[in-house]
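The values are calculated or read from the model by the stated rules, or taken from the named source; none is laboratory data. Small disclaimer: the values here were computed from a predicted structure and weren't measured. Cβ coordinates were reconstructed from backbone atoms using ideal geometry, including for glycine residues, and neighbour counts include every protein chain displayed. The accessibility values were calculated without ligands, DNA or RNA, using every heavy atom of the protein model including side chains. Shrake-Rupley method; radii C 1.70, N 1.55, O 1.52, S 1.80 Å.
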Amino acid sequence: MRVRHVLLGAALLLGLAGTAGWFSLDKEARGLLLTLPTNRDILFWSQPQRDAAFRAMDRIALLAKWRTMQPGGTPRPLPVGAPLALGLDVDAYLQAQHAAALLIVQGGKLRLERYGLGFDGAGRWTSFSVAKSFTSTLVGAALKDGFIKSLDDRVTDYIPDMRGSAYDAVSVRQLLTMTSGVAWSEDYANPQSDVARFNNHQPEPGVDALVSYLRRLPRAAPAGERWNYSTGETNLVGILVSQASGKPLAQYLQEKVWQPAGMEQPGTWLLSKTGQEISGCCIQASARDFARFGQFILEGGGGILPADWLAQATRKQADIAVPGRGYGYQWWTYDDGSYAARGIFGQGIFIDPARQLVIVSAANWGGGARDPVAMPAREAFYRAVQQALDQEAGR
């Protein structure tokens with residue numbers, strides 16, 4: 001994902017002419033400007049630059065555009081429950097994760113709520129690929145609303161500009177499960193990978209930039225036979241939902257999730273250079289509102305989804321070659337019935353229906369999605385929380 005490039009001096013000159021302008025900004029916007037990188041690609045920003053940016057992606061329109069999801073009138077309560085006896089040093093875990101927020105909701109009650117990096121419950125942290133699971137939920141809503149007739153329909157039925165490409169053979173279901181068979185490189189460390197290059201693509205006139213990029217890609221395997229993680233394809237899912245529903249994704253999310261789930265604060269969704277929500281990324285929300293989304297899904301989606309949607313979306317639909325794990329409809333799955341949304345730098349929502357558990361993580365891992373220390377440590381933390389709840393229940 002790229003954020004619009006603006007040199008620090010130009011941003012200061014244009015946006016902060018005079019001391020009054022500086023002090024009119026909130027602390028997150030000031031922090032971002034003080035560390036504003038000149039590198040265009042957020043994948044290659046330093047950790048201090050990301051620390052400032054992740055809480056302020058939607059603060060300065062010179063850097064990025066966004067749409068806002070407004071909450072309804074009455075937020076869903078998150079009452080404080082009894083502290084959870086974890087038997088581990090939570091402070092040390094937060095520090096090792098370089099975490100901004102950690103929430104544990106169990107049985108609908110907050111059992112733990114901690115913040116770091118100068119972040120707090122009033123701020124919004126960016127989601128990165130946690131947004132994929134929000135986008136998946138909108139596919140379910142569009143299916144129930146009749147905007148999408150069947151997951152076995154072809155992608156090109158809804159996005160005519162993809163006709164004549166490798167996506168002619170791809171169904172909506174295969175797009176959701178990342179089994180299209182279309183070639184794509186998600187190597188975050190390689191500036192020549194598709195995930196690093198697609199936002200720089202210059203589209204043909206009148207064609208969405210992402211559609212223009214993806215329809216040029218070759219086929220690497222028959223559709224449905226191989227799983228390959230692709231943020232580009234989740235972005236295509238978002239375009240499909242928007243075109244099918246006739247609504248911007250942020251508006252549809254506000255109608256179907258933000259207000260029904262009882263969010264407390266506005267959320268934002270960053271836009272691509274062609275004005276489409278970046279549906280594989282970039283929803284900004286408070287940690288508590290991410291927890292409310294998790295609880296909303298845990299409780300069945302508030303009637304906005306087909307009856308069997310979550311049972312299908314959150315079970316293993318594709319083999320990812322990791323024992324005990326899989327991929328559903330834009331959810332990472334575990335064979336024990338739990339599932340998760342995951343973002344590249346340590347953002348996450350872990351849901352365990354058997355224990356009525358939601359764990360929200362907001363972080364800025366130094367090693368990104370494949371951080372060799374932080375990722376397994378978070379998985380171990382999930383297991384520790386499950387074990388603590390089992391001990392508490394006498395299991």
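Odds and ends about this structure:
- Modelled spin labels at Ala221 and Ala321, positioned 7 Å past Cα toward Cβ, are 0.8 nm from each other.
- Accessible-area composition of the chain, carbon plus sulfur, in percent [1.4 Å probe]: 53
- Solvent-accessible surface (1.4 angstrom probe) belonging to Phe44, in square angstrom, nearest 10: 80
- Contact order normalised by residue count of the chain, Cα under 8 Å, 6+ apart, percent: 21
- Between Asp168 and Ser150, full extension at 0.36 nm per residue minus the direct alpha carbon distance yields a gain of 4.9 nm.
- Springs join every pair of Cα atoms under 10 Å in this Gaussian network model of the chain, and among Gly72, Gly348, Gly246 the largest mean-square fluctuation is at Gly246.
- For the chain, a Gaussian network of Cα nodes joined below 10 Å ranks Gly116, Gly303, Gly366 by mean-square fluctuation, and the top entry is Gly303.
- Coupling constants for the range 378-393 follow from the phi torsions by the Karplus curve (6.51 cos²θ - 1.76 cosθ + 1.60, θ = phi - 60°), and in residue order they are 5, 4, 5, 5, 4, 5, 5, 5, 4, 5, 5, 5, 5, 5, 4, 8 Hz; glycine and proline get x.
- FRET efficiency, Thr74 to Asp187 (Cβ-Cβ, R0 51 Å, nearest 0.05): 0.70
- Here Phe44 and Asp91 are evaluated by their C-beta separation; at R0 = 22 Å the FRET efficiency comes out at 0.15.
- Look at where the Cα atoms of the range 294-308 and of the range 82-107 average out, and the two centres are 26 Å apart.
- Among Ser272, Ser286, Ser212, the largest mean-square fluctuation in a Gaussian network model of the chain (Cα springs under 10 Å) belongs to Ser212.
- Under 24 Å of direct C-alpha separation, and excluding same-chain neighbours fewer than eight residues apart, Lys149 reaches these lysines: Lys132, Lys247, Lys256, Lys316.
- With a 1.4 Å probe rolled over the protein heavy atoms of all chains, the accessible area of Tyr382, Tyr115 falls in the order Tyr115, Tyr382, largest first.
- Euclidean distance between Cα centres, the range 350-395 to the range 156-216, Å: 33
- Probe 1.4 Å, all protein chains present, accessible-area order of Glu186, Glu204, largest first: Glu204, Glu186
- For Met263, solvent-accessible area (1.4 Å; no DNA, RNA or ligand), Å²: 0
- Normalised by the number of residues in the range 337-395, the mean separation of alpha-carbon contacts (under 8 Å, six or more apart) gives a relative contact order of 26 percent.
- Note on the range 317-395: with charges restricted to the Cβ of Lys and Arg (+1) and Asp and Glu (-1), its dipole about the Cα centre is near 140 debye.
- Leu110 long-range amide H proximity, modeled H, under 5 Å: Val80, Gly81
- Label positions at Gln243 and Arg197, each projected 7 Å from the Cα along the C-beta direction, are separated by 2.3 nm.
- Computed extension gain for Ala311 through Asp26, at 0.36 nm per residue and net of the alpha carbon distance, reaches 98.4 nm.
- Accessible surface of Lys247, taken over heavy atoms with a 1.4 Å probe and every protein chain present, rounds to 50 Å².
- Applied to the range 330-337, the Karplus parametrisation 6.51 cos²θ - 1.76 cosθ + 1.60 on θ = phi - 60° returns per-residue 3J(HN,Hα) values of 6, 10, 7, 10, 10, 5, 7, x Hz, with x for Gly and Pro.
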